[in-house]
1. Could you identify which residue out of 203, 188, 87 has the top mean-square fluctuation in a GNM of the chain using Cα springs shorter than 10 Å?
2. Would you indicate which of (i) 76, 43, 34; (ii) 58, 46, 29; (iii) 51, 40, 31 is the value of Cα extents along the principal axes in Å derived from the coordinates of this structure?
3. Using alpha carbons only, how many angstrom separate the centre of the range 247-264 from the centre of the range 222-243?
4. Name the shape class, rounded, prolate or oblate, that the alpha-carbon gyration tensor gives for the range 145-264, where a ≥ b ≥ c are the square roots of its eigenvalues, rounded holds for a/c under 1.5, and otherwise prolate holds if a/b is larger than b/c and oblate otherwise.
5. So for 17, 82, 200, fewest C-beta neighbours within 10 Å to most, what's the order?
6. Mind computing the radius of gyration and Dmax over the alpha-carbon atoms of the range 221-264? Å is fine for both.
7. Give me 182, 78, 134 sorted ascending by neighbouring Cβ count inside 10 Å, so fewest comes first.
8. Name the residue, out of 51, 233, 114, whose mean-square fluctuation peaks in a Gaussian network model built on the chain with Cα pairs under 10 Å.
């Protein structure tokens with residue numbers, strides 16, 4: 001899950017280098033209790049990225065009791081954008097897991113959670129216990145530190161549970177930003193396309209062609225944001241689209257707006 005807010009209200013931290021294959025980032029998103037000069041938007045657009053997120057959301061309360069209405073949830077991989085309502089004082093702390101690591105690190109099936117936002121209590125006793133421990137922290141910073149330690153411990157204990165063939169296939173897809181043919185990838189791994197499809201669907205939660213499409217889209221969005229004024233046709237060709245129209249159509253379908261509106 002990749003949010004499309006600019007840096008205001010959003011901070012992320014890279015994981016330890018040894019965990020980088022499994023964890024994309026730890027992150028925090030917050031909404032000011034009182035807007036300053038610029039009125040707050042009522043919603044923000046969350047874009048699909050192929051990842052699974054574990055998110056601790058709450059209302060930041062002033063005074064010694066720093067949180068209200070806490071909820072720990074797993075958000076599965078998304079097939080297209082969603083719009084999330086913004087509430088003044090709302091805070092979310094999260095970890096974004098790369099495709100193929102939700103089962104090993106969270107004990108949940110991304111295939112069963114695709115497109116869903118599921119409370120910890122409906123996922124596992126271990127996640128419910130983590131929510132209670134985060135609620136007992138003295139501050140948001142302590143809650144984030146607890147989340148980071150928990151994921152690091154689970155990575156150390158359960159990383160061997162990740163299926164090597166699926167991890168290798170997903171690594172190829174991510175490294176190429178989706179620009180790899182499934183037939184060629186299956187040949188390289190020495191399996192049939194059907195087996196490759198099943199492996200990726202089970203471990204990433206979405207079919208390989210959809211994941212490749214989402215990764216290609218994310219690469220295009222990154223270039224659109226970092227290369228302001230660059231011709232859309234150049235970005236389309238660099239990312240593996242047939243032409244500018246293909247890029248624009250994909251952005252509209254996955255993000256709900258045109259490329260210009262998305263980065264404007």
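1. Maximum fluctuation in the GNM of the chain, among the listed residues, is at 188.
2. Comparing each candidate, only (ii) matches the computed number.
3. 12
4. Judged from the Cα gyration tensor, the range 145-264 comes out oblate (a/c at least 1.5, b/c at or above a/b).
5. Details: 17 7, 82 17, 200 26.
Fewest-to-most Cβ neighbours within 10 Å comes out as 17, 82, 200.
6. Every Cα atom of the range 221-264 included, Rg and Dmax give 9.3, 24 Å.
7. Ranking 182, 78, 134 by Cβ neighbours within 10 Å, fewest first, gives 182, 134, 78.
8. It is 233.
Computed from the coordinates by the stated procedures, all read-outs in this text should not be read as laboratory data. Predicted model only: the values in this text are computed from it and were never measured. Glycine also receives a Cβ, built like all others from the backbone with ideal geometry; neighbour counts cover every protein chain displayed.
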